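Visitor: Sharing a structure with you now.
Please treat every number below as a calculation from the coordinates, not as lab data. Treat the numbers as computed from the prediction; the structure is a model and nothing was measured. Glycine gets a Cβ as well: all are built from the backbone with ideal geometry, and neighbour counts include every protein chain shown.
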Amino acid sequence: MIEPREVIREHLRRFFAGHSCDEHVWTLGPALDELPRLFVLEFAPGPQSRLWTYVTVGAWEVRAEPRLEFMIAAPDQDQRHVELLFMTAWYHGNRGLGTGHTLPIGESWLPGSKCDFFLVSLPYPFGPQLEICNLPDWHLHVLWLLPITSAEREFKVREGLEALEQRFDAAAIEYWSPNRPSVV
């Protein structure tokens with residue numbers, strides 16, 4: 001039987017073919033003890049994206065449903081993204097996440113950024129080829145952690161996810177920029 005983590009790893013490597021890839025673990029905090037098989041793949045800029053892309057492998061093990069992995073797209077290489085993905089996987093195990101949920105980062109996403117929340121979203125910049133990973137008897141979804149501001153989160157709570165996404169589209173946000181202005 002094929003190990004699910006190997007299927008997920010290969011799914012991601014196929015999608016990011018032509019990108020150099022490294023594997024990382026985060027050695028601080030509760031996620032290390034509670035999610036000992038979790039790791040993060042770091043993809044350097046390449047043919048699929050000019051951004052650094054970080055994706056969990058093993059987050060799906062924290063909950064029977066929904067089976068999820070998480071990704072961050074960022075302008076620069078930074079171990080901060082590995083830490084944030086471990087934090088998100090741990091949070092998902094304790095609280096449960098899904099499309100449209102938000103989670104607090106607890107501080108700025110990156111230095112100088114006004115974004116201090118993640119919006120859990122479909123990976124729109126990458127499409128369903130990345131989002132859906134099929135395994136022999138089941139599948140999982142790779143969801144995108146889109147950095148948002150507190151004001152954008154409050155707007156989403158008040159007006160709904162679709163209204164916020166329309167604002168993002170109308171503003172053509174540079175989602176990878178830590179200094180992007182809020183759309184609210």
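Visitor: From the list L103, L145, L85, L135, exactly one residue is farther than 25 Å from G29 by Cβ, of a type in the set (A, V, I, L, M) and surrounded by 14 or more Cβ atoms within 10 Å (Cβ to Cβ). Which is it?
Guide: Going through L103, L145, L85, L135 in turn, just one is farther than 25 Å from G29 by Cβ, of a type in the set (A, V, I, L, M) and surrounded by 14 or more Cβ atoms within 10 Å (Cβ to Cβ): L135.
Quick grid of which residues meet (1) within 16 Å of the chain's Cα centre (by Cα); (2) crowded, with 23+ Cβ neighbours inside 10 Å; (3) part of a strand (DSSP E or B):
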{"site": "P45", "(1), (2), (3)": "no, no, no"}
{"site": "S49", "(1), (2), (3)": "yes, no, no"}
{"site": "T53", "(1), (2), (3)": "yes, yes, yes"}
{"site": "P66", "(1), (2), (3)": "yes, no, no"}
{"site": "A73", "(1), (2), (3)": "yes, no, yes"}
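Visitor: May I ask you to list the residues in region 139-184 that are over 19 Å from L122 (Cβ atoms) and assigned to a strand (DSSP E or B)?
Guide: T149
Visitor: What pairs come out if I take residues in region 1-22 that are without any contact (Cβ under 8 Å) to a residue 60 or more places away in the chain and pair them with residues that are among the aromatic types (F, W, Y) and buried (at least 16 other Cβ atoms within 10 Å of the Cβ) whose C-beta lies under 7 Å away, six or more apart or interchain?
Guide: Final answer for the pair search is F16/F43; H19/F43; C21/F43.
Visitor: Name the single residue, out of those in region 148-162 being hydrophobic (A, V, I, L, M, F, W, C) and farther than 21 Å from G96 by Cβ, that is surrounded by the fewest Cβ atoms within 10 Å (Cβ to Cβ).
Guide: Here the residue is A151.
Visitor: Between G29, G93, which is of a type in the set (G, A, S), in contact with a helix residue (DSSP H, G or I) (Cβ under 6 Å, 6 or more places away or on another chain) and within 29 Å of R153 (Cα to Cα)?
Guide: Every option except G93 fails the conditions.
Visitor: Has region 87-94 got any residue that is within 16 Å of the chain's Cα centre (by Cα) and among the small types (G, A, S)?
Guide: Scanning region 87-94, I find at least one residue that is within 16 Å of the chain's Cα centre (by Cα) and among the small types (G, A, S), so the answer is yes.
Visitor: Also, quick follow-up: Looking at (1) of a type in the set (G, A, S); (2) within 28 Å of F155 (Cβ to Cβ); (3) in contact with a Phe, Trp or Tyr (Cβ under 9 Å, 6 or more places away or on another chain), can you tell me which one S113 breaks?
Guide: Failed condition: (3).
Visitor: What is the residue count in region 108-131 for residues that are farther than 23 Å from I8 by Cβ, loosely packed, with under 13 Cβ neighbours inside 10 Å and free of Cβ contacts under 8 Å to residues at least 60 places away in the same chain?
Guide: Within region 108-131, residues that are farther than 23 Å from I8 by Cβ, loosely packed, with under 13 Cβ neighbours inside 10 Å and free of Cβ contacts under 8 Å to residues at least 60 places away in the same chain number 0.
Visitor: Condition test on G100, is it touching a Lys or Arg at 6+ places or on another chain (Cβ under 9 Å) and in a loop (DSSP other than H, G, I, E, B)?
Guide: The answer is yes for G100.
Visitor: How many residues does region 1-27 hold that are outside any helix (DSSP H, G or I) and either crowded, with 16+ Cβ neighbours inside 10 Å or under 18 Å from the mean Cα position of the chain (by Cα) (or both)?
Guide: Number of matching residues: 8.
Visitor: Return yes or no: is G93 assigned to a helix (DSSP H, G or I), touching a residue at least 24 places away in the same chain (Cβ under 8 Å) and small (G, A, S)?
Guide: The answer is yes for G93.
Visitor: Given (1) buried (at least 17 other Cβ atoms within 10 Å of the Cβ); (2) under 27 Å from D137 (Cβ atoms); (3) more than 15 Å from the chain's Cα centre (by Cα); (4) not hydrophobic (A, V, I, L, M, F, W, C), identify the lone condition not met by G58.
Guide: In the conditions (1) buried (at least 17 other Cβ atoms within 10 Å of the Cβ); (2) under 27 Å from D137 (Cβ atoms); (3) more than 15 Å from the chain's Cα centre (by Cα); (4) not hydrophobic (A, V, I, L, M, F, W, C), G58 misses (3) alone.
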